[in-house]
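Student: Structure in structure tokens, see below.
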Amino acid sequence: MSRLRTLAGLVVLAATGLLVPPTAAQAATPPLRANITCDAQTGAVRTWASGTLFTPGTPPAPVTVEFQRRGGTVVTATTSAPLRSAAQPLAVKTMSTSTGEVNATGYKTTFNPVTSLFYRENLLVTFKNAAGIALTSLEVSCNHDQRTTVTLTCDPAERTVAATVTGVNGQAGSPDGAGRPARIGYHIVRTEQTEQYDPRFRSELVGGAWDTERRLTRAADGTWSDPGYVHSRSGSTPYYYAEELTVGVFDTYGAIVGWGTARCTLFDGSVTA
């Protein structure tokens, strides 16, 4: 499995349109986002888009926001199957504001949160101007997972960040579910601030690639565990340091059959002991 596989949620910008440049004005406005949620209690799937599309001060303009399901995965106790992509997107017409912001509500659907041991839905949102020219596309996914547990522990005394992941290696027709995991990928984001009044820096692999991928081996009872990693901090103590972890679990065909996230803060100078 190639380490070049990337996370969902990447931004693809077209060459046309008045997109916001990376300036101080951008920092003062909400970023453009595509959003999708999979409710673990009700099974409701909700999509929407919001944020700054145009440079602040640009006159309000008509915008068409297209919401399209782009596949996914459904794992039950007996099957593992791809989620079909929608044949056509849902087109929502709206107007940008004087600050360049756009807000639009997309499609709604449902899944069964009880029988779906794992459910993933991928969303593609495309923003178009009045002439129908695509300005920007955003991709994002939501995940409902009953089989994978991700733990991230920050220990300031030991100056370590430790990750562990456990789950069920599903087998079709058995109680632990279909969609047999075969590989695991780790994507790590680090946020660090050296001194109290310094800026915070966020670091991760460009393009959202996985930092590490390796095979999984299941136990006789169908469960599996991965040793994860331990990061040790040496040298001076920064004012702030935190890690975010995203874990993807893949079957032998490369389909995502498990997903989990975790976050912890190792140092925070604003919190007294």
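Student: Conditions first: (1) surrounded by fewer than 20 Cβ atoms within 10 Å (Cβ to Cβ); (2) touching a residue at least 40 places away in the same chain (Cβ under 8 Å). Residue 258 passes all but one, so which condition is the exception?
Tutor: (1)
Student: While we're on this one: Among the residues of region 19-44 satisfying the criterion of being modelled with pLDDT of 95 or more and of a type in the set (S, T, N, Q), which is nearest to residue 119 (Cα to Cα)?
Tutor: Step by step, filter region 19-44, then rank; the result is 37.
Student: Give me the pairs: first residue in region 64-75 and closer than 10 Å to residue 255 by Cβ, second residue surrounded by 22 or more Cβ atoms within 10 Å (Cβ to Cβ) and among the aromatic types (Phe, Trp, Tyr), beta-carbon distance under 6 Å, and six or more apart or on different chains, which are they?
Tutor: 75/118
Student: Let me ask something else about it. What number goes with the only condition from (1) free of Cβ contacts under 8 Å to residues at least 24 places away in the same chain; (2) part of a strand (DSSP E or B); (3) not hydroxyl-bearing (Ser, Thr, Tyr) that residue 235 does not pass?
Tutor: (2)
Student: Out of the residues in region 94-120 that are outside any loop (DSSP other than H, G, I, E, B) and aromatic (Phe, Trp, Tyr), which is surrounded by the most Cβ atoms within 10 Å (Cβ to Cβ)?
Tutor: Just the residues of region 94-120 that are outside any loop (DSSP other than H, G, I, E, B), to begin with: 94-95, 101-110, 118-120.
If we keep only those that are aromatic (Phe, Trp, Tyr) as well, we get 107, 118-119.
Working: 107: 17, 118: 28, 119: 25.
Per the stated criteria, the residue is 118.
Student: Any residue at all in region 234-246 that's within 15 Å of the chain's Cα centre (by Cα) and within 27 Å of residue 177 (Cα to Cα)?
Tutor: Yes; the residues of region 234-246 include at least one that is within 15 Å of the chain's Cα centre (by Cα) and within 27 Å of residue 177 (Cα to Cα).
Student: Return the residues of region 213-226 that are surrounded by 12 or more Cβ atoms within 10 Å (Cβ to Cβ) and hydrophobic (A, V, I, L, M, F, W, C); say none if nothing qualifies.
Tutor: Those that are surrounded by 12 or more Cβ atoms within 10 Å (Cβ to Cβ) and hydrophobic (A, V, I, L, M, F, W, C): 216, 224.
Student: Sort out which residues of region 165-203 are at pLDDT 95 or above and among the acidic types (Asp, Glu), and write them in order of number.
Tutor: Across region 165-203, the qualifying residues are 192, 195, 198.
Student: Go through region 57-79 residue by residue and tally those that are part of a loop (DSSP other than H, G, I, E, B) and either touching a helix residue (DSSP H, G or I) at 6+ places or on another chain (Cβ under 9 Å) or closer than 25 Å to residue 103 by Cβ (or both).
Tutor: Going through region 57-79 one residue at a time, the tally reaches 5.
Student: So, one more: Which is among the small types (Gly, Ala, Ser) and either free of Cβ contacts under 8 Å to residues at least 24 places away in the same chain or in a strand (DSSP E or B) (or both), of 220, 178? Spell out how you get there, then give the answer.
Tutor: Working: 178 fails: either free of Cβ contacts under 8 Å to residues at least 24 places away in the same chain or in a strand (DSSP E or B) (or both).
Exactly one residue qualifies, and that residue is 220.
Student: A further question follows. I'm trying to understand the selection: among the residues of region 46-56, which are in a strand (DSSP E or B) and surrounded by fewer than 17 Cβ atoms within 10 Å (Cβ to Cβ)?
Tutor: Residues of region 46-56 in a strand (DSSP E or B): 46-52, 54.
Of everything in region 46-56, just one residue is in a strand (DSSP E or B) and surrounded by fewer than 17 Cβ atoms within 10 Å (Cβ to Cβ), namely 46.
Student: What are the residue pairs meeting all of these: first residue in region 82-107, first residue within 28 Å of residue 250 (Cα to Cα), second residue surrounded by 16 or more Cβ atoms within 10 Å (Cβ to Cβ) and at pLDDT below 95, Cβ atoms under 7 Å, and 6 or more apart or on different chains?
Tutor: 82/255
Student: Of all residues being assigned to a strand (DSSP E or B) and surrounded by 16 or more Cβ atoms within 10 Å (Cβ to Cβ) in region 80-93, which is farthest from the chain's Cα centre (by Cα)? Just the residue, please. Break it down into steps so the answer makes sense when it comes.
Tutor: Filtering region 80-93 down to residues assigned to a strand (DSSP E or B) leaves 80-82, 90-93.
Right, trim to surrounded by 16 or more Cβ atoms within 10 Å (Cβ to Cβ) and you get 80, 90, 92.
Numbers: 80: 21, 90: 22, 92: 24 Å.
Among those residues, the one meeting the criterion is 92.
Student: Let me ask you something else. Find the residue count for region 60-77, including only residues that are modelled with pLDDT under 95 and more than 12 Å from residue 111 (Cβ to Cβ).
Tutor: Number of matching residues: 1.
Student: Considering only region 213-242, how many residues are among the polar types (S, T, N, Q) and farther than 24 Å from residue 169 by Cα? Reasoning before the result, please.
Tutor: Let us first name the residues in region 213-242 that are among the polar types (S, T, N, Q), namely 217, 223, 225, 232, 234, 236-237.
Filter once more, so that each one left must be farther than 24 Å from residue 169 by Cα: 232, 234, 236-237.
Residues that pass the stated criteria total 4.
Student: Give me a count of the residues in region 227-249 that are under 27 Å from residue 72 (Cβ atoms) and either surrounded by 21 or more Cβ atoms within 10 Å (Cβ to Cβ) or touching a Ser or Thr at 6+ places or on another chain (Cβ under 6 Å) (or both). Full working, then the answer.
Tutor: Of region 227-249, the ones under 27 Å from residue 72 (Cβ atoms) are 228, 244-249.
Cutting the leftovers down to either surrounded by 21 or more Cβ atoms within 10 Å (Cβ to Cβ) or touching a Ser or Thr at 6+ places or on another chain (Cβ under 6 Å) (or both) gives us 228, 245-249.
Of the residues in region 227-249, 6 are under 27 Å from residue 72 (Cβ atoms) and either surrounded by 21 or more Cβ atoms within 10 Å (Cβ to Cβ) or touching a Ser or Thr at 6+ places or on another chain (Cβ under 6 Å) (or both).
The values are calculated or read from the model by the stated rules, or taken from the named source; none is laboratory data. Remember, predicted model here, so these are calculated numbers, not experimental data. Positions of Cβ are generated from backbone atoms using ideal geometry, with glycine treated the same way; all protein chains shown enter the neighbour counts.
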